[in-house]
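Right, one structure below, let's go through it.
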Amino acid sequence: MNPFIQNKFRGRPYKLLVYGFIILFAFSCEKKEKEAYAYTAKTPDLKETKAELTSPPRVPEPVGKRRARKLIVEMEILEEEGEMADGVSYVYWTFGGTVPGSFIRTRVGDEVEFHLKNHPDNKLPHNIDLHAVTGPGGGAESSFVAPGHEKVFSFKVLNPGLYVYHCATAPVGMHIANGMYGLILVEPEGGLPLVDKEYYVMQGDFYTKGKNGEKGLQAFDMRKAVDERPDYVVFNGKVGALTGDNAITANVGETVRIYMGNGGPNLVSSFHVIGEIFDKVYAEGGSLENENVQTTLIPAGGAAIVEFRVEVPGSFVLVDHSIFRAFNKGALGMLNVQGEGNKTIYSGELREETYQPGEKKTRSVPATEEIAELRAPARSPEERVNAGKQVYMQTCFACHQAEGQGIPGAFPPLAKSDFLNADVNRAIDVVLSGLTGEITVNGEKYNSIMTPQNLSDDEIANVLAYIYNSWGNSKKNVTPAMVTKVRNKKL
Amino acid sequence: MNAITFRFLIPLFAVNWFCHAQSEGMAFVKGGSYLPLYGSKGTVAEVENFEMDVHPVTNADFIAFVTQYPQWRKSAVKKLFAEDNYLYHWKNDLEIKDGEHLKSPVTYVSWFAAKAYCECRGKRLPTVDEWEYVAMADEKLPDARIKASYNQQILAWYETPKTHKNTIGKTPKNYWGVYDLHGLVWEWTLDFNSVLISGESRKDSGKDSNLFCGSAAIGATDLMNYAAFMRYAFRGSVKARYTIKNLGFRCVRSRKNTENKPIKLP
């Protein structure tokens, strides 16, 4: 049942059925109530409280079944320098010191007393337009505040849903482009159904004087903003805000709810989680529930609530499926799921077989070192490099990219890589066994997971020969014998 | 305030029309017309000849002022004329706090205090048009607004924190010989509220409104001059008794085109 629509039971069933239903309900409700609203114990029935505000990707405690009350929200505006990507800094304008701004959680009927504080060190006036407000400017008119001042206004939240807030001071687009947006959740009466994990993610597009990746403090570029040509499209304000150590997490069997907003200012988002299907989407953050959705569209200045149960372990990648934004501009995050695998849901690779159109399948090939013997190994170093390129394009390309440049904050570069060139046996071991944990490549830290590659010793030698002989690397030759040696040492 | 009330301010200026001599620490600015950011295309603003302080008023200048006029001291100022933070960076009535500099621009001053300072020195606060007219110059050109570098330098300042702690005269001298219009602090203007950006700036674009709209495409003449948008937004956010960490002021004095021309009062 849609929790945003509190339909009363309208039918007139037979008495017997009614009694039966009541009896059933009486037996079942106690446990259900406890399960769904256990957390309400933490929110006593007060008339007035200070709202808990959280930084992304965290969200405040659920509202549950508490009654409507007066909620005091204290939010501070800070203009401060932050990191857009490794080595790239930017002066963000923020609500609460983060991009997106602090998450606000209310319920229908709450009266929110909003305190907007403009830090004295700030250069500019600001205000706030909350899409959850019914009133002129969404509060912008009453909250226009000079540096070193505080404005107070209040509003009643009338409609349940997930709403964007943002700054609306001239030039409006620039205030939004500098990071002044966030989400306010208005829960329906009785609260949203309980889930295991809740996260706050918001997409935004950024416009810098230098092009993507150009180091140093980058100024805002109005021309690119007007032309809608962002250099960065990111989740939670920066490249890598949700990758490596910052990845969001869940355990197998848990339900995950993401409060997903889009601050824009320009782009709409095609939000998708690679390897998951949204069991439920509250379309546009409103009352319409959709089920079994692959990608949901989130307008600039809009939001969606997505829910799904994670069934198998692994890394699930959050992307804007306008996919160049994900792999070239930063709109990429990770959900790391831990737990037992479930072979009936996802087997992993079972076997590899040769394929030749028109011919009968000759042999089933287990993906082990036997492959080396079964295939004619490439002979000369040159042949090895050529053969390695094919392996690279099939296996490594997606993460490490066509020119070995990697993806900032997520996957380390192979081009001119000090980590790679330092130790060939380590490189072989990484391909064989995978790599988890923090490493430093060319002075930058990475902390993601590379899974063991199911390749033969010959293929590993080929692909490493290709990598070592490309993109300014050390041109080291790698032979299957070297790979076999490392593999045997492991065993 | 709007264009009509602005007219009532003009007699206030007349008081100063009798001052002719080139003053120490002031630069002569030849009047003219220019296209302000607000208003429709073809709406030019006229600016008469005037003199402008070469530097913003410093802490040292303001100490001298409150020594002479005790009613503007930190402890004595009327709440009607200045809010609690008035001269917040001062230790007491006549001393600045440790770490502050006498040659830094005075900030945490209200419009009333700034106006009184200028009047007591035989000057007045500049109008928005006068201020913007001088501030559109860079080192070489009286109107540098079309140059990309002009906008970039101003925006670079907006993105640099704590510039109010710097001392005066460190930014390049502009075409008129004036320093620090950009790069140090915001500055009070006499009619700071006459060009209005209301709290809800986006609705000021309504056809009924003949006021400038901060964000609306309709009202502005140069949409790429967003540094100026920010100044107008800033002015729209303040009230006359506000005192702000980044906000100082300087004074101007009117100077008639011809010395002997009789003065026409409006």
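How far, in degrees from 0 to 90, does helix A:15-37 lean away from the longest principal axis of the Cα atoms of chain A, to the nearest 10?
In chain A, helix A:15-37 runs at an angle near 70 degrees to the longest axis.
Please say if the range A:146-211 is rounded, prolate or oblate, where rounded means a/c under 1.5 for a ≥ b ≥ c the square roots of the C-alpha gyration tensor eigenvalues, and otherwise the choice is prolate for a/b larger than b/c and oblate otherwise?
oblate
So what are the ³J(HN,Hα) numbers for the range A:415-432, from phi and the Karplus equation (6.51, -1.76, 1.60; θ = phi - 60°), rounded to whole Hz, Gly and Pro as x?
These are the phi-based 3J(HN,Hα) values: 5, 6, 8, 5, 4, 5, 6, 5, 8, 6, 5, 5, 4, 4, 4, 4, 5, 5 Hz.
How high is the relative contact order of the range B:145-190? Use alpha-carbon pairs under 8 Å, at least six apart in sequence, and give a whole percent.
Answer for the range B:145-190 is 32 percent.
For the range A:236-308, I need the span (max minus min coordinate) of the C-alpha atoms along each principal axis, in Å, sorted largest to smallest.
Answer, in whole Å and largest first: 31, 30, 17 Å.
Where does the range A:274-326 land on Rg/Rh, using Cα atoms and the Kirkwood Rh?
0.98
For a footprinting-style exposure proxy, rank B:THR243, B:THR160 by other Cβ within 10 Å, fewest first.
Ranked by crowding around the Cβ, least crowded first: B:THR160, B:THR243.
Determine the distance separating the Cα centre of the range B:62-111 from the Cα centre of the range A:250-291; give it in Å without decimals.
Spelled out, the Cα-based centre of one part sits 54 Å from the other.
Which three numbers, in whole Å and largest first, are the semi-axes of the equivalent ellipsoid of chain A derived from its Cα gyration tensor as √(5λ)?
Taking √(5λ) for each eigenvalue gives 48, 32, 17 Å, largest first.
Residues of A:77-85, mean number of Cβ from any other protein chain within 10 Å of their own Cβ, rounded to a whole number?
1
To the nearest 0.05, how large is the calculated FRET efficiency for A:ILE277 and B:TYR88 if R₀ is 60 Å and r is the Cβ-Cβ distance?
Computed FRET efficiency for A:ILE277 and B:TYR88 comes out at 0.60.
At a 10 Å Cβ-Cβ cut-off, how would you order B:ASP93, B:ASP180, B:ASP191, fewest neighbours first?
By the 10 Å Cβ count, ascending: B:ASP93, B:ASP191, B:ASP180.
Using the scaling law 2.2 N^0.38 Å as the reference, what is the normalised Cα Rg of the range A:86-207?
Compared with the compact-globule rule of thumb, the range A:86-207 sits at 1.10.
How shielded is A:220-233 by partner chains, expressed as the average number of their Cβ atoms within 10 Å of its Cβ atoms?
1
In nm, what is the difference between 0.36 nm times the number of residues separating A:LEU158 and A:ASP245 and their Cα-Cα distance?
27.5 nm
Mind pulling the angle between the C-alpha long axis of helix A:457-468 and the longest principal axis of chain A? Nearest 10 degrees, somewhere in 0 to 90.
It works out to around 70 degrees.
For helix A:480-490, report the angle its Cα long axis makes with the longest principal axis of the Cα atoms of chain A; keep it between 0 and 90° and round to the nearest 10°.
60 degrees
Would you please give the FRET efficiency between B:LYS162 and A:THR395, computed as 1/(1 + (r/R0)^6) with r the Cβ-Cβ distance and R0 = 41 Å, to the nearest 0.05?
Given R0 = 41 Å and the Cβ-Cβ separation, E is 0.20.
Treat the count of other C-beta atoms within 10 Å as a stand-in for reagent exposure and order A:SER89, A:SER270 from fewest to most.
Ordered by Cβ neighbours within 10 Å, fewest first: A:SER89, A:SER270.
Could you list which residues have their amide H under 5 Å from that of A:MET202, counting only those 5 or more apart in sequence or on another chain, with H placed in the peptide plane?
A:ASN236, A:GLY261
In what sequence, highest mean first, do A:148-155, A:410-417, A:340-347 appear when ranked by Cβ atoms within 10 angstrom?
So the peptides A:148-155, A:410-417, A:340-347, ranked by packing, come out A:410-417, A:148-155, A:340-347.
Where a number appears in this text, it was derived from the coordinates with a stated rule and is not lab data. Keep in mind it's a predicted model, so treat the numbers as computed, not measured. Because the Cβ atoms are built from the backbone with ideal geometry, glycine has one as well, and the counts that use them run over all protein chains shown.
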